[in-house]
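Each reported figure results from applying straightforward, stated rules to the coordinates on display, with no laboratory input. Since the model is a prediction, treat every value here as computed from it, not as a measurement. Positions of Cβ are backbone-derived with ideal geometry, glycine not excepted, and every protein chain shown enters the neighbour counts.
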Amino acid sequence: MLGYVSWRDVLKKLTLAVTMQRPVSSLPLSPGMKLKLVGAGFQSTADLILLKPLQLSKETGLSQQEALEVLQAVRKDGGGGEGSTSLTALELLQKEEETRSIITFSSQLDAALGGGLPVGKTTEICGAPGVGKTQLCLQLAVDVQVPQCFGGVGGQVIYIDTEGSFLLQRVIDVATAAVRHCSLLVEDDEQRAAMMTFTMETILSNIFLVRCHDYVELLAELHLLPDFLSDHPRTRLLVIDSVAFPFRRFDDLSQRTRLLQGLAQQLVAMATRHQVAVVITNQMTTRLQGNQSQLVPALGEGWGHAPTIRLLLQWAGSRRLASIFKSPGNVDATVQYRITSDGFRDADQSEQPQRKRPRTQTDQSASSQPDRRLLRCLSDV
Amino acid sequence: MNWNQLELNPRIAATARRALKSVREVLCVSGPDLQRLTGLSRSDVQQLLAAAAAACRRHPPVPALLLHGGQCRRFESGLRLSVGCPILDRLLRGGLPVGGVTELAGESGAGKTQLALQLCLSVQYPQQHGGLDSGAVYICTEDSFPIRRLQQLIREQSSLRLDVPPSLINRLQFSDHVYIEHAADLDSLQVCLSQRVPLLLARGLVRLLVVDSVAALFRSEFLTDDWLERNKQLLTLSSTLHHLSQEFTTPVLCINQVTDVFNSLDDSLGPPSSGLSPALGLAWANQVMVRLMMQRLQGTITRGNQSSSLRRLEVVFAPHLARDGQDAAVWREGVRGVDR
């Protein structure tokens, strides 16, 4: 009986098991029952967990009593583990839509990212020195605090500074400008009340700063971070500026790779478990290929697989460009931005480079423009 | 870091101590590997990691508001080292930041050494006059130290620093507090930076470190094939400088030379000022917090019986400064900004 099947029905059936699954054959049931289950196509406990006894008995030919027994065995088995929730794809989609993004105050970049930097994911920002990585980080540290009635996330931020570039003078500039920007947008009483909690002082009080002088201090801080995040559930952003600096001078490269992989795993786990956006900045380095040298993100090729989104900030003449070159949900795009006394903003010219192209396409033209070469070699990495 | 300082069950600490070289190493090994190396259970290893992390971490997260009030002494409190001229200080929003490496690049004769000498004097003033109440150590790597020029600058301080009462200027013994070192190659520079300089810093005798110049050391010693070795040495040097700067909240000024830009790859480091780019490439640029450039412009400027060719001090990048520049001139009393 094939009726109208909507995409929601499809997603409902798509069960995502987030825990360990046991095969059906390992359940404490009689062999006859197990045979019927396997015969009907049920291979593991995950397949059974959301079914009702009536559905199960219909599909397998078991009696209702037997179906109930099966489900009890499955539930008893899978109910002990922590975090053993299975979600349907529909529930996951709804959860993703609810999760807000952190705006950057550059509407072009926010649009290209689908709203802003996503909470719950890791984003890497790479670029040459002076192009604006720290500026974007400082902007995000202020923007994450924009109250929800203004379209922000209203969260706190923990900022790990390894280079010493978190200068209060600049943070105050950015914070004051953001407060000014929001106060101009006030339309109703709710927003007016929210502005009382969004002042330069409250912004500074919601930025938790850590200074790490070497990679061991960074690893120590990351180890203790889950406790901090549990104590401060309003934290929605973790910034590490930069992750490259303490790792550049490393004698044992295999140890460095191992440490970075562990670090990446910890960051991903923290991002999802505590619903924070993780932003890390990376430096650029030159890679020699034969006679040619290319500018690539530092920390090795393996590191590139860790973050969900990769943003490349680069110069093109006197213009600053931000390119998204790895993003599962968005098409790769390039926008122009500028750094003003107020912070990270859109470029004021209406001229934007038309560079919206799918990720699989590689630019073969031998262009003298550095940004195309960079994007091409990055898509090879 | 002492094993005894760990807040840990002594049994676990003793077991870990036998297997690992130091407390720091605990954090560099993964959980399962720690279990394997020490033979401890999973929960014991978790306790060990937590204790090691708590010991290795310098301080817990601090709200930035506390920095604003100056309540956190170990943090950057907005302290800046004045250059000695209010117009140039305006460009730099106060002066050099005290925790980080500032680079001053430019062609020869642009005025870099002049500015560095001026800073060696301005650091000696009290904090309310933009100084740090301490001396300076000046490391020369190529030419001999311009002692005559320093003496001339000292004599003319009262003409430069009109904001400071003359009685105070007369009381300061400037030449006593400028420590001059010579380092002809990288090895002797590393020795100087790991022995003599930390001693001066720890005793509070100096609060400014000048290296004039960085490029000279790397030009002569390495051929183009030794590129990797050169980068490694560069990172070691910058790491030492950075560490000294952070440890003693001392501004570090590195003077650098420039090269011509003819390779389009160099565009990626930003729009070059007048076709010149600081030497030592990307590896060095990544380690520098504030990059300034000094150029010689066409034209001269006269004032009374003195004349000077026009200079320009530019901010190439800095976390707290806009890309901007300021015209300047070099007079008998020092470098002064010029409002045209």
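Assorted remarks:
- Nonlocal amide H pairs with B:Thr259, under 5 Å, H built at 1.01 Å: B:Ser277, B:Ala279
- Partner chain coverage, peptide B:310-319 - average Cβ within 10 angstrom: 3
- Here chain B carries DSSP beta bridges of which approximately 50% are antiparallel, counting only pairs with both residues inside.
- Radius 9 Å from Cβ of B:Gly325, net charge of other residues (Lys, Arg +1; Asp, Glu -1): -1
- Of the peptides B:301-307, B:92-98, B:186-192, the order by per-residue mean of other Cβ atoms within 10 Å, starting with the highest, comes out as B:92-98, B:186-192, B:301-307.
- Computed extension length for A:Gln64-A:Gln265: 67.9 nm, one decimal, from 0.36 nm per residue of separation with the Cα-Cα distance subtracted.
- Estimated FRET transfer efficiency (A:Ser254, B:Arg18; beta-carbon r; R0 22 Å; 0.05): 0.35
- Check: the range A:89-379 dipole with +1 on Lys, Arg Cβ and -1 on Asp, Glu Cβ, in debye: 1100
- Take the Cα radius of gyration of the range B:16-116 and divide it by 2.2 N^0.38 Å, N being the number of residues; the result is 1.83.
- Compactness of the range A:22-80 is given as radius of gyration and Dmax, 9.9, 29 Å, from Cα positions.
- Distant-in-sequence amide contacts of A:Ala277, defined by a placed amide H-H separation under 5 Å and a gap of 5 or more residues or a different chain, comprise A:Gly120, A:Leu237, A:Leu238.
- Once the mean of 1/r is taken over each pair of separate Cα atoms and inverted, the protein assembly as shown shows a Kirkwood hydrodynamic radius of 28.7 Å.
- The range A:166-269: Rg to Rh, with Rh as the Kirkwood radius over Cα pairs: 1.10
- Beta bridges per DSSP with both ends in the protein assembly as shown, % antiparallel, nearest 5: 50
- For the cross-link pairs B:Lys21/B:Lys232; A:Lys36/A:Lys58; A:Lys133/A:Lys326, the ones whose C-alpha atoms lie over 21 Å apart are B:Lys21/B:Lys232.
- Alpha-carbon centroid distance for the pair the range B:43-68 / the range A:236-311, whole angstrom: 22
- Over the range B:34-180 - Rg/Rh using Cα atoms and the Kirkwood inverse-distance radius: 1.20
- D (Stokes-Einstein, µm²/s), Kirkwood Cα radius, the range A:89-379, 1.567 mPa s at 4 °C: 66
- Nonlocal amide H pairs with A:Arg22, under 5 Å, H built at 1.01 Å: A:Thr45, A:Ala46
- For the range B:293-306, Karplus couplings with θ = phi - 60° (6.51, -1.76, 1.60), whole Hz, Gly/Pro x: 10, 10, 10, 9, 9, 6, x, 10, 9, 10, 8, x, 9, 10
- Averaged over peptide A:204-210, the number of partner chain Cβ atoms lying within 10 Å of each residue's Cβ comes to 6.
- Given their separation in residues at 0.36 nm each and the Cα-Cα distance between them, A:Glu301 and A:Thr286 gain 4.1 nm when the chain is fully extended.
- DSSP-loop GluC sites (Glu not before Pro) across the range A:162-206, with at most 14 other Cβ within 10 angstrom: A:Glu187
- Within 10 Å of the Cβ of each residue in B:49-56, the mean number of Cβ atoms contributed by other protein chains is 5.
- Residues of the range B:94-120 with an amide N closer than 11 Å to a point placed 7 Å from the Cα of B:Asp163 along the Cα-to-Cβ direction: B:94-95.
- Between A:Thr202 and A:Ser26, the distance separating the two model label sites (each 7 Å from Cα on the Cα→Cβ line) works out to 5.1 nm.
- Computed from the C-beta positions of A:Leu90 and B:Asp176, the FRET efficiency with R₀ = 60 Å rounds to 0.20.
- For chain B, calculated [θ]222 nm from helices alone, where every DSSP H run of n ≥ 4 adds -39500 (n - 2.57): -10000 deg cm²/dmol
- Projecting the alpha carbon convex hull of chain B along each direction and taking the average yields 21.6 nm².
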